[in-house]
There are 2 protein chains.
Amino acid sequence: MSDTQWLTPDQQRAWRAYLEATTLLFDALDRQLQAEAGMPHGYYEILVRLSEAEDRAMRMSELAARTRSSRSRLSHAIARLEERGWVMRTDAPTDRRGQVAQLTAKGLGVLTAAAPGHVAAVRAAVIERLTPEQIAQLESIGTAIVEGLCPGGDGAIATS
Amino acid sequence: MSDTQWLTPDQQRAWRAYLEATTLLFDALDRQLQAEAGMPHGYYEILVRLSEAEDRAMRMSELAARTRSSRSRLSHAIARLEERGWVMRTDAPTDRRGQVAQLTAKGLGVLTAAAPGHVAAVRAAVIERLTPEQIAQLESIGTAIVEGLCPGGDGAIATS
């Protein structure tokens, strides 16, 4: 393994800054959402995606792709959200094997109540810390990483 | 809550690209490390930090700060690493209340074996996807977010 190409000092600083920022940020957002809305950040993302879909419903396979979640992790989260009455699962009408997750009125109410506090936290921790140039860079950096890990784009994400 | 300042389309695209990239990336790195080294990414980060410390040992409180980890999450991880014989805990010589975590020879061996594969994964997923300009931007963006969440810098991180 003596031919390993280690990170240069510049690359290592960038990688560590990103790792530290992400660890701190995800913890902060989880704390904020747990304290104010009783849910982790991952649940919030699921509710947001469902709220934006037609009829507030989405196939589990598509929801997994949109939230970049594995099927098993998503199934676990949806089961918890169903217990709370925030999401309802039904069989897909056109596909015997598929299941659809739908946001309930109760779930929409919870999301609507949680959103202002969450957006304020994201603004304070990220948006207001960055220049408009950095925000544009964050988008292109994120997109480049997503395209590397999911070359097919949104429609062809491996969800297993 | 009608005075909520929602994200603009530019800000929302950047935030979602970052979230998606991070979710995909952390899953990919976890899978790579689990498959090749039998550990999640969080354990790897702990071993790296210990390997860089004097005597390959660090107080738990400092290790928590360096890995941006809560004390409870770190304690859990260190207990698992101790079971594997990769880390050893001892009482701090100068402070009755403190504990020190030390990388064992076995832990160093595991880390040394895991590092080339992990670095190759980080290079492929992040470094080689970005221009040198974007790598510099990633550092300044990460640093700005860390400073917002930890205003005191490295020495004054809240670890509770």
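Observations, loosely collected:
- Residues (within 7 Å of another protein chain (Cβ to nearest Cβ), farther than 24 Å from B:Leu149 by Cα and not β-branched (Val, Ile, Thr)) located in the range A:120-154: A:Ala144, A:Gly148, A:Leu149, A:Cys150
- Boolean, B:Arg68 is at pLDDT below 95 and facing chain A (nearest Cβ under 7 Å): yes
- Among (1) under 16 Å from the mean Cα position of the chain (by Cα); (2) modelled with pLDDT under 95; (3) surrounded by fewer than 18 Cβ atoms within 10 Å (Cβ to Cβ), the one test that A:Glu62 misses: (3)
- In the range A:74-88, the residues that are hydrophobic (A, V, I, L, M, F, W, C) and either surrounded by 14 or more Cβ atoms within 10 Å (Cβ to Cβ) or in contact with a helix residue (DSSP H, G or I) (Cβ under 8 Å, 6 or more places away or on another chain) (or both): A:Leu74, A:Ala77, A:Ile78, A:Leu81, A:Trp86, A:Val87, A:Met88
- From A:Arg84, A:Arg89, A:Arg73, residue being touching a strand residue (DSSP E or B) at 6+ places or on another chain (Cβ under 8 Å) and not hydrophobic (A, V, I, L, M, F, W, C): A:Arg89
- Residue match in the range A:15-22 (condition: acidic (Asp, Glu) and at the interface with another protein chain (Cβ under 7 Å from one of its Cβ atoms)): yes
- Residues located in the range B:60-75, provided they are in a helix (DSSP H, G or I) and either touching a Phe, Trp or Tyr at 6+ places or on another chain (Cβ under 8 Å) or not polar (S, T, N, Q) (or both): B:Met60, B:Glu62, B:Leu63, B:Ala64, B:Ala65, B:Arg66, B:Arg71, B:Arg73, B:Leu74
- Looking across the range A:94-119 at every residue that is of a type outside the set (Gly, Ala, Ser) and in a helix (DSSP H, G or I), the one that is nearest to the other protein chains (Cβ to nearest Cβ) is identified as A:Pro116.
- Filter result (in contact (Cβ under 8 Å) with a residue 60 or more places away in the chain, within 18 Å of A:Thr90 (Cβ to Cβ) and within 12 Å of another protein chain (Cβ to nearest Cβ)) within the range A:44-65: A:Ala64
- Screening the candidates A:Glu45, A:Glu20, A:Glu52 for the property of being under 14 Å from the mean Cα position of the chain (by Cα) and surrounded by 17 or more Cβ atoms within 10 Å (Cβ to Cβ) yields one hit, A:Glu45.
- Residues within the range B:75-90 that are more than 16 Å from B:Val48 (Cα to Cα) and of a type in the set (Asp, Glu), tallied: 1
- Within the range A:23-39, at least one residue is closer than 27 Å to A:Gln99 by Cα, crowded, with 19+ Cβ neighbours inside 10 Å and either at the interface with chain B (Cβ under 10 Å from one of its Cβ atoms) or under 16 Å from the mean Cα position of the chain (by Cα) (or both).
- The set of residues in the range A:4-25 that are within 16 Å of A:Leu138 (Cα to Cα) and either outside any helix (DSSP H, G or I) or of a type in the set (Phe, Trp, Tyr) (or both) comprises A:Trp15, A:Tyr18.
- Residue tally, condition within 13 Å of chain B (Cβ to nearest Cβ) and of a type in the set (Lys, Arg), over the range A:71-84: 2
The values are calculated or read from the model by the stated rules, or taken from the named source; none is laboratory data. Bear in mind the structure is a predicted one, so any value in this text is a computation, not a measurement. Note: ideal-geometry Cβ built from the backbone for every residue, glycine included; neighbour counts use all protein chains shown.
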